[in-house]
Amino acid sequence: MGYSACIVAAGRGMRAGGGTPKQFRILAGRPVLSYSIDRFAQDPACAQLIIAHAPGQADRVRACLNGAKAVLVEGGETRTQSVRNALAHVAHDQVLIHDAARPLVTDAIIARLRAALDSAPGAAPSLPVADALARSDDTGVVPVSRDGLYRLQTPQAFQTTLLREAFQAASSDYPDEVSLARASGLEVVLTDGEESNFKVTYADDFERAEQALAGDASSASLTVTGMGYDVHRMAPGDGVHLCGVFIACPYQLIGHSDADAGLHAITDALLGAAGLGDIGDHFPPSDDQWKGADSSTFLAHAAKIAAEAGARAVHVDVTLICERPKIGPHKAAMKSRVAEILDLDPRRVNIKATTTEKLGFTGRGEGLAAEAVVTAALS
Ligand SMILES: Nc1ccn([C@@H]2O[C@H](COP(=O)(O)OP(=O)(O)OP(=O)(O)O)[C@@H](O)[C@H]2O)c(=O)n1
Ligand SMILES: C[C@](O)(CO)[C@H](O)COP(=O)(O)O
């Protein structure tokens with residue numbers, strides 16, 4: 001059974017400061033909100049994604065979607081109102097409500113919540129309190145027992161109908177859905193939370209989140225780099241293939257395959273990063289089966305054997321060197337196609353172009369050159 005996920009992203013982030021609301025601030029190269037969007041969008045059980053945003057911030061949310069489908073709704077003045085607005089659009093029997101300000105939610109947290117919903121109306125991730133607690137008031141400092149106290153995180157998961165009933169009964173705001181649900185007597189069970197699923201609340205939390213992300217990357221793999229370079233001759237024709245995109249024009253690139261110098265350079269760079277030689281070793285020009293071949297076959301095969309060798313491309317940067325055709329209008333399509341072949345987030349692919357000021361063979365239009373750098377994670 002699929003579930004709906006609501007991400008509340010309509011807050012102002014006053015405690016974090018910094019001008020831009022914290023959910024749109026950049027964390028390790030991407031907006032904070034994009035991390036939880038990706039997490040839910042990649043979960044096959046997540047059948048609907050709803051994002052509550054402040055008035056006028058829809059475009060900022062769209063910039064975080066990276067192709068994910070989501071229902072965008074206006075949030076409210078308080079978190080409770082934002083959840084209420086999102087809940088009105090929920091189309092599935094189970095709903096997970098998540099703070100945009102918790103970018104490091106994991107599949108395991110979601111799986112535990114979903115399992116808990118098999119036998120409970122509501123569930124929330126929790127962590128025990130480790131520090132001693134005290135209340136400080138006019139009478140002084142009063143120690144408070146931490147026995148039975150838990151810190152609650154999000155997502156908070158509920159049977160949709162029951163949560164809707166609890167919202168109908170609620171006449172004030174609550175810090176979270178657990179408090180709102182408990183106020184109307186709904187049972188909630190606690191599942192294990194994770195320290196890394198903390199809420200970015202204060203300015204220092206950005207650094208903590210960056211460190212957590214960097215820690216993940218470095219413990220999981222070694223980063224390696226490969227470079228590739230390719231040249232093809234130009235002649236009169238009806239179009240060129242570049243970075244997986246066909247551009248109609250009165251010339252062509254000459255080669256044994258489709259002569260896509262961009263994809264060849266990326267293929268060489270990936271093979272280089274994985275320590276697997278070069279494109280000629282795997283697809284010799286003397287082999288007839290590669291005559292006229294679509295070069296995406298080469299890159300897809302390179303990705304497969306690189307993966308078998310433990311190397312996965314995480315970033316690609318390409319420079320196309322030519323006077324013509326104009327590359328600018330085709331960059332977006334090239335980026336998407338390269339990302340598709342490598343099963344990579346398009347934000348991790350960069351396409352650049354330059355002329356050589358009419359100098360040399362590229363300047364004279366005798367040929368086109370391509371350079372690529374691939375960064376790969378080696379596990
Ligand atoms: N009116 C509001 C207030 C909060 N939130 C969301 O609720 C989550 C948790 O709230 P909090 O950390 O308090 O965020 P802010 O309200 O933005 O922060 P602050 O209280 O520091 O202003 C955040 O993802 C925030 O965007 C929301 O959707 N609508
Ligand atoms: C929903 C929440 O993140 C659960 O821990 C928390 O209640 C939000 O509190 P805040 O006061 O809005 O930061």
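Readers should treat all values here as calculations from the given coordinates under stated rules, not as data from a laboratory. Nothing here was measured: the structure is a model prediction, and the numbers come from that model. Ideal geometry is used to build each Cβ from the backbone, glycine not excepted, and the neighbour counts take in all protein chains shown.
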Among 171, 145, 184, which one shows the biggest mean-square fluctuation in a GNM of the chain, springs joining Cα atoms closer than 10 Å?
145
So if the hydrodynamic radius of segment 1-139 is defined as the Kirkwood radius over C-alpha pairs, what does Stokes-Einstein give as its diffusion coefficient at 20 °C and 1.002 mPa s, in µm² per second?
133 µm²/s
Treat every Asp and Glu Cβ in segment 221-378 as -1 and every Lys and Arg Cβ as +1, leave all other atoms uncharged, and give the resulting dipole magnitude about the Cα centre to the nearest 20 debye.
560 debye
What is the dipole size for the chain, taken about its Cα centre, with +1 at each Lys and Arg Cβ and -1 at each Asp and Glu Cβ, in debye to the nearest 20?
900 debye
Taking the alpha-carbon set of segment 84-239, what are its Rg and Dmax in Å?
23.1, 90
Inter-part gap, Cα centre of segment 234-275 to Cα centre of segment 77-99, in whole angstrom, is 48 Å
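For segment 221-378, what is the convex hull (Cα atoms) projected area averaged across all directions, in square nanometres?
Values: hull surface 34.3 nm².
Across all orientations, segment 221-378 yields a mean hull projection of 8.6 nm².
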Sorting check: for 31-40, 272-281, which peptide has the highest mean count of neighbouring beta carbons within 10 Å, and how do the rest follow?
31-40, 272-281
Descending packing, highest mean Cβ count within 10 Å first, for 263-270, 355-362 is 263-270, 355-362
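Mind putting a number on the dipole of segment 1-136 about its Cα centre? Charges go on the C-beta only, +1 for Lys and Arg and -1 for Asp and Glu, and I need it in Debye to the nearest 20. Kindly include the intermediate steps, with their values, before the conclusion.
On the way: 15 positive and 10 negative charges, 84 e Å.
Here segment 1-136 has a charge dipole of around 400 debye.
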Nearby lysines by direct alpha-carbon distance to residue 335 (threshold 22 angstrom, same-chain neighbours under 8 apart not counted):
69, 304, 326, 352
Rank by packing, highest mean first: peptides 43-49, 254-260, with packing defined as the count of other Cβ atoms within 10 Å averaged across residues.
254-260, 43-49
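Any idea what % of Cα-Cα pairs in the chain are farther than 26 Å? Let's see the in-between values first.
Numbers: 43758 of 71631 pairs.
The proportion of pairs with Cα distances above 26 Å equals 61 percent.
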For q values of 0.31 Å⁻¹, compute log₁₀ I(q)/I(0) with the Debye formula on a Cα-only model of segment 87-133, without solvent.
-1.24
Gaussian network model of the chain, Cα springs within a sub-10 Å range: biggest mean-square fluctuation belongs to which of 169, 100, 302?
169
